[in-house]
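Chemist: Here it is, the structure in full.
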Amino acid sequence: MAIKRFESLTAMFFEQATARGDAPFLYAKEEGRGWVPMSWRQVADDVARLADVLTSLGIRAGDRVVLVSENRPEWFVSDLAIMAAGAISVPTYTTYTERDYLHIIENSGAKAAIVSTKALARTFLKAAHQSDILNHAIVIEEAGLGQSLNCDVHRWDKVMANAEPDLDALKARAAGTTRDDLACLIYTSGTGGAPKGVQLSHGAILSNCEGAAKVLETIGLENNAFLSFLPLSHAYEHTAGQFLPVATGAEIWYAEGLEKLAANLEEAKPTVMVVVPRLFELLRARLMRAIEKEGGLKAKLFDKALELGLKRKRDGQPLSIIEKVIDKGLDLTVRKKVRERFGGRLKALVSGGAPLSPDVGYFFAAFDLPLLQGYGQTEAAPVISVNPPAAPRMHTVGKILDGVEVKIADDGEICVRGELVMKGYWNDEKATNAVIVDGWLHTGDIGRLDEDGYLEITDRKKDIIVNDKGDNVSPQKIEGMLALEDEIAQAMIYGDRRPHLVGLIVPDAEWAREWAAKHGKGSDMDALKADADFRKAVDAAVARVNMRLSNVEKVRKFTFADEAFSVENEQMTPTLKVRRHIVSKAYKEKLEALY
């Protein structure tokens, strides 16, 4: 099944909805009812209703509408309704602060917003009240306001009930929308400063869907179910977790959050899921700890399944006749149980958003869970390359999507050209001209193409540490290796223009509790950080990593962070990347004291 070429995202959705009618499309869990589906027809009707509401509120072609919501069916309805009304969708993260929301309202010039929960509404409306730009806010749940604000607040259920949708008129508008028209403004998560609005056209996202679908053809494009977990405000989930399912006629199941992800995987039984590496580092660590606790025969069988799986998948070595028999038995027992934890139907777990450690990739491959690393960025709608399911290479980010041109500049920077490239940053010509030169998007990533066309990322241009001797060091590589040790949850490397590298480490909380209990220590983390034996245990983990590093890469000293890096303390982006400049500033004295 090859997907059709469409002229707009809205035309694609309406055509698919007409063809699929009462077939289930969006699934969400409701208290007391379990997983409740909405059909394609129901979703199209709601899209038409909300588009009518937006039009009645004065939203016109080209206007911006902010979307503030966790992943849920109303998110999809809102995003498509905004576009169906001819407006431009502005997705935002639910973890944004009042200041972030105010920046996006003012920067985008948004006239309206759609907000989901009471908690989100209260944060967002504080920002909206400070601006004279935003006129209307539609709240999906009761906001609990005691008085009027600087914008008119409308209840979702009331405005939807009074809507008078004209589906035929919307389909006609969709037919007149072109691939060059602007679909959304997706704000970058801001690892290096204030978020910038990336202008993505309908064609940019459609070209991504077309290229991704061609890659997935080998595992089958029909009868698929996607589990939507990453924030839909992220370009990766927005394209690959929302519009790719529309393009291929797949179901979308909305996960309830990280704490219920394990249960949701078993219940939804997805065939495809887009993920970030950090999630699988966590799942790998949890699985390893659970097996270690059980011990005995189960642990031995698990270790044997991992050993033989790595021999096949990572080392490419043939198994002996006896090993083949054992491996087959382990496949029907141990590996089957591991796969069932992920629903038992997975065809592809596609990893993006940050570098994936090959060790993590091979770990899941050893249990026949196809974890495929891809690469992209918001400015490219966002997918540039992905590993083919039939021939993945874990140390690479795969092959370039169809319709995408890639060249490696003289300094090693990866440059991209094609329909997927953004139309520029919103109202920021200077920043646009800095990254798009002669039609080529300069990604800021350093890489190489091998003889078979696989792209390998070797570093991030702006994150390279240059020591006082002029040696270039990749901090992300070292940080990833440290975070894979049981003792360490997070790490940041420091050392620009310094004689050697030092590190800032967040101990793994679960490991720390177990260590404290085993050694008769208290469980208070601050006390443990001051404990010499505890520090020695973490130091041993750093030493293990140092053994695999060159002299210039070794972490000579480290200090403990006061708290975990998180979105809430603004030390991580919503996609779990360390905001290096913020963390370095917060811990500058502690880090400099190590020299």
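The values are calculated or read from the model by the stated rules, or taken from the named source; none is laboratory data. Every value quoted in this text rests on a predicted model; they were computed, and no experiment measured them. Using ideal geometry, Cβ is built from the backbone for each residue, glycine included, and neighbour counts are taken over all protein chains shown.
Chemist: Within region 250-275, which residues are in contact with a strand residue (DSSP E or B) (Cβ under 7 Å, 6 or more places away or on another chain) and over 16 Å from G34 (Cβ atoms)?
Modeler: Result: A250, I252, P270, T271, V272, M273, V274, V275.
Chemist: Show me the helices (runs of 4 or more DSSP H) entirely contained within region 1-88 in which 1 or more residues are within 19 Å of R173 (Cα to Cα), in contact with a helix residue (DSSP H, G or I) (Cβ under 7 Å, 6 or more places away or on another chain) and among the charged types (D, E, K, R). Step through it out loud before you land on a result.
Modeler: Numbers: elements: 9-20, 40-56, 73-84.
Result: 40-56.
Chemist: Right, another one. Among the listed residues L441, L372, which satisfies the condition of being of a type outside the set (D, E, K, R) and over 21 Å from G203 (Cβ atoms)? First the steps, then the outcome.
Modeler: On the way: L441 fails: over 21 Å from G203 (Cβ atoms).
Of the residues listed, the single one that is of a type outside the set (D, E, K, R) and over 21 Å from G203 (Cβ atoms) is L372.
One line per residue, one yes/no per condition, for (1) buried (at least 16 other Cβ atoms within 10 Å of the Cβ); (2) more than 23 Å from the chain's Cα centre (by Cα); (3) in a loop (DSSP other than H, G, I, E, B):
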site	(1), (2), (3)
L330	yes, yes, no
V334	yes, yes, no
K337	no, yes, no
L346	yes, no, yes
F363	yes, no, no
L369	yes, no, yes
L372	yes, no, no
I384	yes, no, no
R393	yes, no, yes
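Chemist: Please work out which one of (1) outside any helix (DSSP H, G or I); (2) crowded, with 18+ Cβ neighbours inside 10 Å; (3) out of contact with any Phe, Trp or Tyr (no Cβ under 6 Å at 6 or more places or on another chain) is the condition T239 fails and give its number.
Modeler: The single condition T239 does not satisfy is (1).
Chemist: Pull up region 205-230, narrow it to residues that are buried (at least 22 other Cβ atoms within 10 Å of the Cβ) and either without any contact (Cβ under 8 Å) to a residue 12 or more places away in the chain or of a type in the set (S, T, Y) (or both), then point me to the one that is farthest from K4 (Cα to Cα).
Modeler: Among residues in region 205-230 that are buried (at least 22 other Cβ atoms within 10 Å of the Cβ) and either without any contact (Cβ under 8 Å) to a residue 12 or more places away in the chain or of a type in the set (S, T, Y) (or both), the one farthest from K4 (Cα to Cα) is S228.
Chemist: Which condition does K521 not pass, out of (1) touching a residue at least 40 places away in the same chain (Cβ under 8 Å); (2) surrounded by 13 or more Cβ atoms within 10 Å (Cβ to Cβ); (3) charged (D, E, K, R), if it passes all the others?
Modeler: That leaves (1) as the condition not met.
Chemist: Output the residue which, of all residues in region 467-516 that are part of a helix (DSSP H, G or I) and without any contact (Cβ under 8 Å) to a residue 12 or more places away in the chain, is nearest to R580 (Cα to Cα).
Modeler: Applying the first criterion (part of a helix (DSSP H, G or I)) to region 467-516 yields 475-483, 509-516.
Checking the rest, the ones that are also without any contact (Cβ under 8 Å) to a residue 12 or more places away in the chain come to 513-514.
Details: R513: 28, E514: 30 Å.
Filtering first and then ranking leaves R513.
Chemist: Regarding S523, is this residue over 27 Å from G352 (Cβ atoms) and either modelled with pLDDT under 95 or not in a helix (DSSP H, G or I) (or both)? Steps first, answer last, please.
Modeler: On the way: over 27 Å from G352 (Cβ atoms): yes; either modelled with pLDDT under 95 or not in a helix (DSSP H, G or I) (or both): yes.
Yes.
Chemist: I'd like the full set of residues that are closer than 11 Å to Q199 by Cβ and in a helix (DSSP H, G or I), limited to region 426-444.
Modeler: T432
Chemist: Of the conditions (1) in contact with a Ser or Thr (Cβ under 8 Å, 6 or more places away or on another chain); (2) of a type in the set (D, E, K, R); (3) part of a loop (DSSP other than H, G, I, E, B), E256 fails just one. Which one is it?
Modeler: Of (1) in contact with a Ser or Thr (Cβ under 8 Å, 6 or more places away or on another chain); (2) of a type in the set (D, E, K, R); (3) part of a loop (DSSP other than H, G, I, E, B), only one is false for E256: (1).
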